[in-house]
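Here is the structure we will look at, set down as C-alpha cells.
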C-alpha cells in the first residue's frame, strides 16, 4: 500500500521509487532535483484546541493544496504525522526556493473550515538539492530534516537550506587501535522496509565516523528476530525495535529480552505520542525511545549514546 489513507497522497514507502527515478535522471542528464521536507507550524495547538478531526482536515487541505500547486513530474508524499515531502524534479535549489516561497504565501492565505471555525495555517520547510547520485536516500532526508529543524527553531513559517555534511573521519583511514577493537552489532526490527533501510544507512554513517566495523541485521517482525541465530548467540548489541509489528508486538519482544537477560541496549520506536505508552516501554527495560515520524538529529544523537555504551 503506497497511498496514505487520510490524505490521498503517497506515503513514505513510495520514496525509494521516487529517488530511483530522479537519481537516474541525474546520472543520465545531469539534472538535479530538490527535496523539501515540510512541517505544519503549531499543529499540536490545532489538535488541542479544535480536536483531531480539525487536525485531519488541515492535513487533507495541505495535501490537496500541494498536489494542486505542483507539477505532474513532482511528487508529494506524506512522510508521517504533519510532515510532507515535496520532491521537485529537474529543479535547482534557487528554483525550488522560489516555488516553496510561493507555496508558503498561497497556503497561508487559504481558509480551512474546522469545527465551525475558519483556520489559517503555515508551514516550515527544509530544502536540499540532490546533486550527487552516489548518495543514499537517507542522506538527503537527514539533511532536509536538519534544515527543517533550523526553520522551526527560527520561529516557523520559514525555509532553510541544508548545509552539506563534512566527511570528517569517515574519509580517513581508521587507526590501528580502532581496527583492533571488537565489531559492533546492531539489529533493526521493523516491519517498514523503508525505515529499516534508512536506519541502516544512518548506522553505517555513525560506524564509519568512529573508524569502526559493525554487523547490521534487519528483521521484518519480532518473531523472526527471536528465532534468528543472531538472537540465539546472545551477542552484546544495540537492538532498534518497533513498537507495533505483525506476529509479535514490540513490547512482547522487549519482555523476552529482559526475561532472558540478553545483553542488549534497546531503542524502542513508537508512533504513539501517549506518555503512558512511552513510560510502559521504559519501565519494561527500554534504554531509549524515539517517536515517529523521526527527527533524524534526535535519532542520531540517541543512537550515538547507545553505541558508545557498548564499549563501556
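Computed quantities for the displayed model
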| read-out | value |
| --- | --- |
| Checklist (1) loosely packed, with under 15 Cβ neighbours inside 10 Å; (2) in contact with a strand residue (DSSP E or B) (Cβ under 9 Å, 6 or more places away or on another chain); (3) modelled with pLDDT under 85 applied to residue 246, failing item | (2) |
| Matching residues in the stretch 165-211 - criterion: being closer than 28 Å to residue 131 by Cα, at pLDDT below 75 and outside any loop (DSSP other than H, G, I, E, B) | 168, 169, 170, 171 |
| Some residue of the stretch 220-236 being touching a residue at least 40 places away in the same chain (Cβ under 8 Å), buried (at least 17 other Cβ atoms within 10 Å of the Cβ) and within 21 Å of the chain's Cα centre (by Cα) | no |
| Qualifying residue in the stretch 44-54 (condition: surrounded by 15 or more Cβ atoms within 10 Å (Cβ to Cβ) and under 24 Å from residue 194 (Cβ atoms)) | no |
| Counted residues, the stretch 209-236 - those being out of contact with any strand residue (DSSP E or B) (no Cβ under 9 Å at 6 or more places or on another chain) and more than 19 Å from residue 258 (Cβ to Cβ) | 3 |
| Pairs, first assigned by TED's automatic domain parsing to the domain that holds residue 85 and outside any strand (DSSP E or B) in the stretch 111-129, second modelled with pLDDT under 95 and exposed (fewer than 14 other Cβ atoms within 10 Å of the Cβ), C-beta under 6 Å, six or more apart | 111/118 |
| Per-region count, the stretch 63-82, residues buried (at least 21 other Cβ atoms within 10 Å of the Cβ) and assigned to a strand (DSSP E or B) | 5 |
| Evaluation of residue 143 against (1) touching a strand residue (DSSP E or B) at 6+ places or on another chain (Cβ under 9 Å); (2) assigned to a helix (DSSP H, G or I); (3) in contact (Cβ under 8 Å) with a residue 24 or more places away in the chain (one fails), failing number | (3) |
| Any chance residue 252 is surrounded by fewer than 18 Cβ atoms within 10 Å (Cβ to Cβ), within 30 Å of residue 82 (Cα to Cα) and at pLDDT 80 or above | yes |
| Looking only at the stretch 93-124, and only at residues there that are surrounded by fewer than 16 Cβ atoms within 10 Å (Cβ to Cβ), farther than 23 Å from residue 154 by Cβ and touching a strand residue (DSSP E or B) at 6+ places or on another chain (Cβ under 9 Å), the one that is modelled with the highest pLDDT | 111 |
| Matching option when the condition is under 24 Å from residue 305 (Cβ atoms) and crowded, with 22+ Cβ neighbours inside 10 Å, among 207, 203, 266, 195 | 266 |
| Residues that are closer than 15 Å to residue 37 by Cβ, touching a helix residue (DSSP H, G or I) at 6+ places or on another chain (Cβ under 6 Å) and modelled with pLDDT under 90, drawn from the stretch 125-144 | 137, 138, 142 |
| Odd one out for residue 152, checked against (1) at pLDDT 95 or above; (2) farther than 21 Å from residue 13 by Cα; (3) under 21 Å from the mean Cα position of the chain (by Cα) | (1) |
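Yes or no, residue by residue, for (1) more than 16 Å from the chain's Cα centre (by Cα); (2) within 30 Å of residue 135 (Cβ to Cβ):
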position: 12; (1), (2): no, yes
position: 16; (1), (2): no, yes
position: 22; (1), (2): yes, yes
position: 37; (1), (2): no, yes
position: 45; (1), (2): yes, no
position: 53; (1), (2): yes, no
position: 57; (1), (2): yes, no
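The values are calculated or read from the model by the stated rules, or taken from the named source; none is laboratory data. Everything numeric in this text was worked out from a predicted model, so none of it was measured. Virtual Cβ from ideal backbone geometry, glycine too; neighbours counted across all protein chains shown.
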